[in-house]
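In what follows, a structure is listed as structure tokens, so that the remarks can point back to it.
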Amino acid sequence: MIQEKLKILKDNNVIDEKTFDEMHEVLKYLKDNKVIHEEDVADTFITHLAMAASREKSGEDQVDFVDEVIKSEIVNSSEFDQAVQLWEEISALMTVNFPEAENDYFYLHLVTMLQSKG
């Protein structure tokens with residue numbers, strides 16, 4: 001499913017070829033590091049990451065910060081430190097730098113994936 005979504009986004013010029021390739025690198029990284037076993041588990045995260053990269057490249061408005069209650073739940077989860085480390089590793093694969101507000105959403109997705117893994 002995620003492969004089809006990425007292809008549709010690329011074919012409709014929502015994301016560029018570089019972003020398309022980077023999303024495949026991120027998926028490979030997540031699988032190789034056993035964060036996920038099936039690509040579709042990362043569907044929401046990868047879709048968000050691709051769209052965020054596209055927004056950053058086009059200079060679109062930034063997203064709002066995550067609600068403080070939700071952010072508190074993310075930060076207090078036992079998976080948060082692992083999610084931060086994982087995001088640092090994943091973001092190193094990207095050619096785009098994301099604003100802090102966007103990073104909080106990535107932490108949310110990663111915490112959710114890590115929780116579903118256990």
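Annotations
- So residue 10, is it within 21 Å of residue 93 (Cβ to Cβ), charged (D, E, K, R), modelled with pLDDT of 95 or more and buried (at least 17 other Cβ atoms within 10 Å of the Cβ): yes
- Subset tally (residues that are at pLDDT 95 or above and not in a helix (DSSP H, G or I)) for the stretch 60-87: 4
- Close pairs (6 angstrom Cβ cut-off, 6 or more residues apart or separate chains): under 15 Å from residue 7 (Cα atoms) in the stretch 21-41, charged (D, E, K, R) anywhere: 27/39
- Residues of the stretch 18-55 classified as assigned to a helix (DSSP H, G or I), farther than 14 Å from residue 96 by Cβ and among the acidic types (Asp, Glu), total: 4
- Filtered residues of the stretch 35-69 (kept if under 16 Å from the mean Cα position of the chain (by Cα), among the charged types (D, E, K, R) and under 18 Å from residue 112 (Cβ atoms)): 38, 39, 40, 43
The values are calculated or read from the model by the stated rules, or taken from the named source; none is laboratory data. Predicted model, so just to flag it, every value in this text is computed and none were measured. Every residue, glycine among them, receives a Cβ derived from its backbone with ideal geometry; neighbour counts consider all protein chains shown.
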